[in-house]
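Participant: Sharing a structure with you now.
The values are calculated or read from the model by the stated rules, or taken from the named source; none is laboratory data. What you see is a predicted model, and the numbers here were worked out from it, not measured in a lab. We place every Cβ from the backbone using ideal geometry, glycine too, and count neighbours over all the protein chains shown. SASA here: full protein model, heavy atoms, side chains in, ligands and nucleic acids out. Shrake-Rupley method; radii C 1.70, N 1.55, O 1.52, S 1.80 Å.
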Amino acid sequence: MLSKEQNELITRTGPGTPLGEMMRCYWVPALQSSELPGPDCPPVQVKILGEELVAFRDSQGRLGLLEEHCAHRGTSLFYGRNEEGGLRCIYHGWKYDVHGHVLETPAEPAGSTFHERVRVRAYATHEVGGMIFAYLGEGRPPLFPNYEWTTIAPEHTFVAKSLLECNYLQGLEGECDSAHLSFLHRMLDPNEHFLYKADTHPEYHTEDTDFGVRLIALRHLPENKTYVRVTAFLMPLACALPVGGAVDGFDVHFYTPIDDTHAWRFDFSFKRSQPYAGKDNRRRNFVDAAFRKLQNVDNHYLQDREKQRTENFTGMGPIFPVHDGCATETMGALYDRSREHLGSSDKAVIAMRRYLLDAIARFQQGATPPHVITDPALNDMRHAESLSGIIDGDDWHAHYPQLVTSAAEVPAEVAPVSGGGVLF
């Protein structure tokens, strides 16, 4: 368990908090690209890390992410007119570009230079894989990490967004926890999810890396076989997962804090060999227009007790984010970890928390947080991957030699991935 002080330290993300200031050193997901489908489309309200923002694409298709309230008298720019290269406030017509500069103040006298001395805060953005990331820190942004999936063509990627009605960490801890797969997502069909049923108490190994923590769950099978599931906690708020066996790609699930009691969950998937067929709509159709789950705490997640007896462990249907939402949201909006009782099945969660707490402590002493990349020579994050498979014996490291702990160990004969630029 954590002390109340430690719990506060790793859950509070607003401006001025230790974790909030550290998170502002990273690129964090802000919204889906599909929410801003084209030039001069309607703007979108964005609240992340406790900050109220507005996102838009200008007439040239450039992304802007600005503080939401007009610098004149505070009217929300979400209601503004997105036109002719900028976002115009509906109150007095003040117009802003993607950098937060005031272009026009039409209610002021002709020839006024007042607008040259005023601006709103604007944040850098980076668009990749159908997602728009934001850098909410000061100064020049770090490099965007060169993961394998940043080089994948957009048509090979898929992203879904949903609202998590609790603190971000409750969702993120669930992604680091392989043991719950044997229960929460279990189908009662004896032929479903055999590997998770065969050994319900996996043996855990963890490795600290330059991107975060590698989490290895070993499920022992008959005939000296082992099912290996490797996930990766990516600082500061994501986890790479071998969804669907990870034979042709894997998932990365991000939990961006909205505030201390809500978060955005982004489920990103990619395929190496082929485009997504666009037939996976059930992974999006479980939310409403505001991205709230249709099955939620207010309707008890539409739990069906008969289905719980005959179909699956929860009685909530096949949508994993609904299961995850029930498990994490019903802990309360911000769970008090001083009340919990941890066992050996929580080893991966403990390792992730320790890494995060250590990073915060070093950051408070002036150190650069881990996985904030400024050196292009160290920006090769293909080892931050996820995979699963059945091996002989249990020496997973020998079976997967590509799972090194830092970019400096990535084999030199493999060309580094490209990309990682900054769009602003």
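Participant: Could you work out [θ]222 nm for the chain from helices alone, using -39500 (n - 2.57) per DSSP H run of at least four and dividing by all its residues? Round to the nearest 500 deg cm²/dmol.
Facilitator: -4000 deg cm²/dmol
Participant: Looking at [x] 71, 64, 46; [y] 85, 51, 49; [z] 84, 55, 47, which value of Cα extents along the principal axes in Å comes from a calculation on the structure shown?
Facilitator: [z]
Participant: Follow-up question, since we're still on this one. At 0.36 nm per residue, and after removing the present C-alpha to C-alpha distance, how many nm does the segment from Ser76 to His101 gain when stretched out fully?
Facilitator: 7.4 nm
Participant: Can you list the residues, at least 5 places off or on another chain, whose amide H is less than 5 Å from the amide H of Ile373, using H built in the peptide plane?
Facilitator: Those lying under 5 Å, H to H, from Ile373 are Leu143.
Participant: Please list, in chain and number order, the residues 5+ apart from Val287 or on another chain whose amide H is under 5 Å from its amide H, with Hs placed from the backbone.
Facilitator: Leu294
Participant: Dipole magnitude of the stretch 247-404 about its Cα centre, charges +1 at Lys/Arg Cβ and -1 at Asp/Glu Cβ only, in debye to the nearest 20?
Facilitator: 300
Participant: Between His220 and Arg362, what FRET efficiency follows from the Cβ-Cβ distance if R0 is 45 Å, with the result rounded to 0.05?
Facilitator: Using R0 = 45 Å, I get an efficiency of 0.75.
Participant: Under a point-charge model restricted to the Cβ atoms of Lys and Arg (+1) and Asp and Glu (-1), what is the dipole moment magnitude of the stretch 150-292 relative to its Cα centre, in debye to the nearest 20?
Facilitator: On the way: 15 positive and 20 negative charges, 107 e Å.
For the stretch 150-292, the charge dipole is close to 520 debye.
Participant: Please compute the Kirkwood hydrodynamic radius over the stretch 1-81, one decimal place, Å, based on all pairs of different Cα atoms.
Facilitator: 14.5
Participant: Another question, then. Round to a whole number: what % of the accessible area of the stretch 113-228 belongs to carbon and sulfur, probe 1.4 Å?
Facilitator: On the way: 2280 of 4480 Å².
Accessible surface attributable to carbon and sulfur in the stretch 113-228 totals 51 percent.
Participant: Once you measure Cβ to Cβ distances between cysteines in the chain, which Cys have no partner under 4.7 Å?
Facilitator: Among the cysteines of the chain, those whose Cβ sits 4.7 Å or more from every other are Cys25, Cys41, Cys166, Cys176, Cys239, Cys326.
Participant: Additional query: With unit charges on the beta carbons (Lys and Arg positive, Asp and Glu negative) and the dipole taken about the Cα centre of the chain, which residue among Met352, Ser112, Ser3 sits farthest to the positive side?
Facilitator: Ser112
Participant: Report the full-extension gain for the segment Phe114 to Asn191: residue separation times 0.36 nm, less the Cα-Cα distance, to one decimal in nm.
Facilitator: Computed gain between Phe114 and Asn191 is 20.7 nm.
Participant: Pop out the ³J(HN,Hα) list for the stretch 353-358 in order, Karplus 6.51 cos²θ - 1.76 cosθ + 1.60 with θ = phi - 60°, rounded to Hz; leave Gly and Pro as x.
Facilitator: Taking θ as phi minus 60°, the curve returns 4, 4, 4, 5, 5, 5 Hz for the stretch 353-358.
Participant: Right, another one. If each residue of separation counts as 0.36 nm, what is the full-extension length gain between Val243 and Asn299 once their alpha-carbon separation is subtracted?
Facilitator: 17.4 nm is the gain from fully extending Val243 to Asn299.
Participant: Taking θ = phi - 60°, what integer Hz values does the Karplus form 6.51 cos²θ - 1.76 cosθ + 1.60 yield along the stretch 173-186, in sequence order, with x for Gly and Pro?
Facilitator: Result, ordered by residue: 4, x, 5, 7, 10, 6, 5, 5, 4, 6, 10, 4, 9, 6 Hz.
Participant: Ranked from highest to lowest mean number of other Cβ atoms within 10 Å per residue, what is the order of the peptides 247-254, 307-314?
Facilitator: Peptide ranking by packing, descending: 247-254, 307-314.
Participant: Still on this model: Can you give me the long-range amide H partners of Asn312? Hydrogens built in the peptide plane at 1.01 Å from N, cutoff under 5 Å, separation of 5 or more residues or another chain.
Facilitator: Sorted by chain and number, the residues that satisfy this are Leu188.
Participant: Sticking with this one: About the Cα centre of the chain, what is the dipole size in debye to 20, counting +1 per Lys and Arg Cβ and -1 per Asp and Glu Cβ, all else neutral? Walk me through the numbers before you get to the answer.
Facilitator: Values: 40 positive and 57 negative charges, 129 e Å.
The dipole of the chain has a size of about 620 debye.
Participant: With springs only between Cα atoms under 10 Å, which of Ala238, Ala124, Ala408 fluctuates most in a Gaussian network model of the chain?
Facilitator: In this elastic network of the chain, the residue with the biggest mean-square fluctuation among Ala238, Ala124, Ala408 is Ala408.
Participant: Convert each backbone phi in the stretch 218-234 into a coupling constant with the Karplus relation 6.51 cos²θ - 1.76 cosθ + 1.60 (shift: θ = phi - 60°), then list the ³J(HN,Hα) values in order as whole Hz, x for Gly and Pro.
Facilitator: Each residue's phi maps through the Karplus curve to give 10, 10, 7, 10, x, 6, 6, 9, 9, 8, 9, 10, 10, 10, 9, 7, 9 Hz.
Participant: Taking a 30 Å limit on the Cα-Cα distance, which of the listed pairs Lys161/Lys307; Lys307/Lys347; Lys225/Lys347 fall beyond it? Present the calculation step by step, with values, prior to reporting the outcome.
Facilitator: Details: Lys161/Lys307 26 Å; Lys307/Lys347 32 Å; Lys225/Lys347 22 Å.
Beyond 30 Å between Cα atoms: Lys307/Lys347.
Participant: Under 15 Å from the Cβ of Leu378, count the other residues' Cβ atoms, weight Lys and Arg +1, Asp and Glu -1, and hand me the total.
Facilitator: Local charge sum for Leu378: -3.
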